[in-house]
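Written below as structure tokens is the structure these notes are about.
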Amino acid sequence: MAVVTNSLGPNSARMDYPASESLANLIAAVDTYILAHGWSLWDASAGTNARAYRALNKDGLSYKYVVLDWNTAGYLFLKVYESFNSSTHTGSNLCYLSDNTGYAQRITLSTGGSLCIFAQSKYLIFQSNNSGTIGSSSGNAWSGCIEVSRDNPADTPAAGYPPTVWINGNQMMCQGNYVISFPRLKNEAVGAAASQYNFVSTEMAFGGYSYAPFWSGGNIYGYALYFWVPTGTNAFSGKGWAWTLRVGTLLNPFPEKRGRLMGIILITRGQGVAAPGVDSVDIKVNADGFVDPNGTVASYWVISESGASGRWAIPK
């Protein structure tokens, strides 16, 4: 048998691989798919069982860089860098936690499984499913690289700061710190410092680092995103919620307004099953894929994490 690529839509597919499939065959199948969906192979020798890819950002001048690293048995790392040198085979400014096993996708070559891929030039997202064991070992979540719109007028391509983040769904939803990771910030922070003080926001409120955590039941909590995401429907429409997400950093004295996450949309908690590529939702969006009540209806798959029943929509 061999890896079977099942199309789930114009921007998504499920790779089914049988027991005892070779790693080389799985790598080749994934490579073929993402090269046909907005990404190009940048370095075929980025490391042992690792390949570097890049995709042009919306500004038409800068790129996002991802290394798919299959070298650790049982895991697929999606490492996000600010840049990658294809001659020296090294990257600069790795996004914090993108090389951590707890937030990588789980691969089981011995027994077989599946890997869902969601890909456009704006993003590259993976979520595994191994006989019902979903996603990363922390929170059973998706993970990926997502472009950020340049909503700050001063955040120009010439300024040189990467409009890219690495995200794991469980980290975004459930943690007070490290909700998203930039390769580098305007204050020149990199690594953990480019992740620790960030936020993710909806129109309701935000989750992420806070200087003023609140008390509840005798415990101190940071402002995790899940506190602000309803499990019920919109009272005005009776339908589930859908939000475009905005990101940036709150570190004083220089907070950074960045922009909106492209591709993914946050939806009502618990809406849809955890397994990727199973449940779907229709959302009105504009030409850039951001939520717009006057936009055009588009069909999305539901992707998930289990820590707080977080749910997102991603284009089919």
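Worth a mention:
- The chain - charge dipole about Cα centre, Lys and Arg +1 at Cβ, Asp and Glu -1, debye rounded to 20: 300
- Average projected area [Cα convex hull, the range 1-156], square nanometres: 9.5
- Surface accessible to a 1.4 Å probe, per residue, for the residues of the range 125-196, Å²: 28
- Counted without the sites themselves, the longest stretch of the chain free of GluC sites (Glu not before Pro) in a DSSP loop having at most 16 other beta carbon atoms within 10 Å is 1-187.
- Rh by Kirkwood over Cα pairs, then Stokes-Einstein D for the range 235-316 at 0.692 mPa s and 37 °C, µm²/s: 239
- Separation in nanometres of the label points that stand 7 Å from Cα toward Cβ, at E203 and A36: 3.8
- Per residue, the accessible area of the range 245-304 comes to 43 Å², computed with a 1.4 Å probe over protein heavy atoms only.
- Sum of -39500 (n - 2.57) over DSSP H runs of 4+, divided by residues of the chain (222 nm, nearest 500): -1500 deg cm²/dmol
- Solvent-accessible area, 1.4 Å probe, carbon plus sulfur percent, for the chain: 53
- Candidate aspartates and glutamates - alpha carbon under 14 Å from K239, same-chain residues fewer than 8 apart omitted: D282
- Counting only the Cα atoms, the range 144-183 fills a convex hull of 78 Å³ per residue.
- Rolling a 1.4 Å probe across the protein heavy atoms gives the range 21-111 an accessible surface of 42 Å² per residue.
- Out-of-range pairs (alpha-carbon distance over 29 Å; input K64/K316; K186/K284; K64/K257; K79/K186; K79/K257): K186/K284
- Mean projected area in nm² (Cα convex hull; one quarter of hull surface) for the range 273-316: 3.1
- Comparing the chain with the 2.2 N^0.38 Å rule of thumb, its C-alpha radius of gyration ratio is 0.95 (two decimals).
- With the cut-off at under 11 Å, measuring from each backbone N in the range 1-21 to a point 7 Å along the Cα-to-Cβ line of S131 picks out 19.
The values are calculated or read from the model by the stated rules, or taken from the named source; none is laboratory data. Computed from a prediction, not measured in an experiment: that's the story for all the values here. Using ideal geometry, Cβ is built from the backbone for each residue, glycine included, and neighbour counts are taken over all protein chains shown. The accessibility values were calculated without ligands, DNA or RNA, using every heavy atom of the protein model including side chains. Shrake-Rupley method; radii C 1.70, N 1.55, O 1.52, S 1.80 Å.
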